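Only one structure is covered here, and it is reproduced in the block below.
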Amino acid sequence: MRFVKMHGLGNSYVYIDLVRQSEPRVDWPGLARRVSDSRFGIGSDGLILILPSSVADVRMRIFNADGSEAEMCGNGIRCVARYAVETGIAAADSVAVETGAGVLRVDIVRQDGEIAACRVDMGEPRWARAQIPMEGGEPSTAALDEPLVVDGREVRATAVSMGNPHCVLFVDDTGRAPVTDLGPRIEFHAAFPRRTNVEFVQVVDANTIKVRVWERGSGETAACGTGACAAAVAAARLGKVGRSVRVQLPGGALSVEWAADGRVFMTGECRFVCSGELAPEWLRDLSCG
């Protein structure tokens, strides 16, 4: 089974191309946990499968480092689009990718003929509790800067879905934010029946925010594309920034634009790291027959 490792701003995944090689019967959650381990595997934030699609150029499935399956990954979809173009799976520089959050369009950005970045149409943010999902109020209402009690401690939370659930907290300094303490507590909070990603956001100015992310199923990551979008639209809706911002993450920066038509566009780089083949003996006990 051949693989490539790619990253978007340090948010790295192992990618397995099941378009150009046959799909084996494998315990994919188990494989995700194993490849994510830097000591006994490769080391990553999870596993992404690149699959044929009947409704798009390609389909992706995302497994977090703990084996749970996610609906969408903003950094991952950029890498999938670049991989599809560079391997000939997609014939043009505009790639339709089927995800658990629907079909999203990714445009390749070239500089001097080389792929420099990808621009993703992330669709519209969803604010209703039922769409996130989030408990604790009327299903059709939004949770905007409202109190959330976490193990006896009250924080102000804004919830939004970018195809997957996010809980955004605004802080004075991301460097001192309690990401590894509050992050997992909010991820598994009873208000979020499907768990949630958690963003700690510092507003720098009207055009810039800093973000650290506790990613559902993976812990703190160097970057999170959907998290960057969630942070940007939450900050804009609360009047803290404009609708076009630079999002600074530990792994680098993304540009996020919340357009007048309500759609969110995210632009950022995606890079190849390495490629190789998973050893048959290492895979043997993960086979499903």
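The values are calculated or read from the model by the stated rules, or taken from the named source; none is laboratory data. Given the structure is predicted, the values throughout are model-derived calculations rather than measurements. All Cβ positions, glycine included, derive from the backbone under ideal geometry; neighbour counts span all protein chains shown.
Let me confirm something: among Gly136, Gly225, which residue is at pLDDT below 95, within 29 Å of Gly67 (Cα to Cα) and either in contact with a Lys or Arg (Cβ under 8 Å, 6 or more places away or on another chain) or of a type in the set (Lys, Arg) (or both)? Spell out how you get there, then give the answer.
On the way: Gly225 fails: at pLDDT below 95.
The unique qualifying residue is Gly136.
For the structure I just gave you, tell me whether Ser12 is part of a loop (DSSP other than H, G, I, E, B) and over 17 Å from Met122 (Cα atoms). Quick ask: steps written out before the conclusion?
Numbers: part of a loop (DSSP other than H, G, I, E, B): no; over 17 Å from Met122 (Cα atoms): yes.
Against the criterion (part of a loop (DSSP other than H, G, I, E, B) and over 17 Å from Met122 (Cα atoms)), Ser12 does not qualify.
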Only listed residue being without any contact (Cβ under 8 Å) to a residue 40 or more places away in the chain, surrounded by fewer than 17 Cβ atoms within 10 Å (Cβ to Cβ) and either on the phi < 0 side of the Ramachandran plot or in the same structural domain as Gly67 (by TED's automatic domain parsing) (or both), chosen from Ala232, Ala279, Ala236: Ala279
Across segment 101-116, the tally of residues that are surrounded by fewer than 20 Cβ atoms within 10 Å (Cβ to Cβ) and over 14 Å from Met60 (Cα atoms) stands at 9
Taking the condition loosely packed, with under 14 Cβ neighbours inside 10 Å, in the same structural domain as Pro280 (by TED's automatic domain parsing) and part of a loop (DSSP other than H, G, I, E, B), does Ser53 pass? no
Which of the residues spanning segment 56-98 are without any contact (Cβ under 8 Å) to a residue 60 or more places away in the chain, in contact with a strand residue (DSSP E or B) (Cβ under 6 Å, 6 or more places away or on another chain) and not hydrophobic (A, V, I, L, M, F, W, C)? Asp57, Arg59, Arg61, Glu69, Asp93, Ser94, Glu98
Of the numbered conditions (1) among the basic types (Lys, Arg); (2) in contact (Cβ under 8 Å) with a residue 60 or more places away in the chain; (3) buried (at least 19 other Cβ atoms within 10 Å of the Cβ), Arg129 satisfies every one except a single condition; which is it? (2)
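Of all residues in segment 197-213, which are under 19 Å from the mean Cα position of the chain (by Cα) and under 14 Å from Val179 (Cβ atoms)? Quick ask: steps written out before the conclusion?
The first filter runs over segment 197-213 and keeps only residues under 19 Å from the mean Cα position of the chain (by Cα), leaving 197-201, 209-213.
Answer for segment 197-213, where residues must be under 19 Å from the mean Cα position of the chain (by Cα) and under 14 Å from Val179 (Cβ atoms): Asn197, Val198, Glu199, Phe200, Val201, Lys210, Val211, Arg212, Val213.
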Out of Val247, Val198, sole residue that is outside the structural domain of Phe63 (by TED's automatic domain parsing), buried (at least 24 other Cβ atoms within 10 Å of the Cβ) and touching a Ser or Thr at 6+ places or on another chain (Cβ under 8 Å): Val247
Filtering segment 146-168 down to residues that are more than 10 Å from Trp127 (Cα to Cα) and of a type in the set (A, V, I, L, M), which residue is nearest to the chain's Cα centre (by Cα)? Val168
Since Tyr13 meets every condition but one in (1) out of contact with any Leu (no Cβ under 9 Å at 6 or more places or on another chain); (2) closer than 22 Å to Ala223 by Cβ, which condition does it not meet? (1)
Turns out the helices (runs of 4 or more DSSP H) fully within segment 171-289 with at least 2 residues that are under 27 Å from Ala142 (Cβ atoms) and in contact with a Gly (Cβ under 7 Å, 6 or more places away or on another chain) are 225-237
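Just to be sure before I move on: is Glu98 crowded, with 18+ Cβ neighbours inside 10 Å, assigned by TED's automatic domain parsing to the domain that holds Ser12 and either in a strand (DSSP E or B) or acidic (Asp, Glu) (or both) in the structure I sent?
Considered against the rule, which asks whether it is crowded, with 18+ Cβ neighbours inside 10 Å, assigned by TED's automatic domain parsing to the domain that holds Ser12 and either in a strand (DSSP E or B) or acidic (Asp, Glu) (or both), Glu98 comes out as yes.
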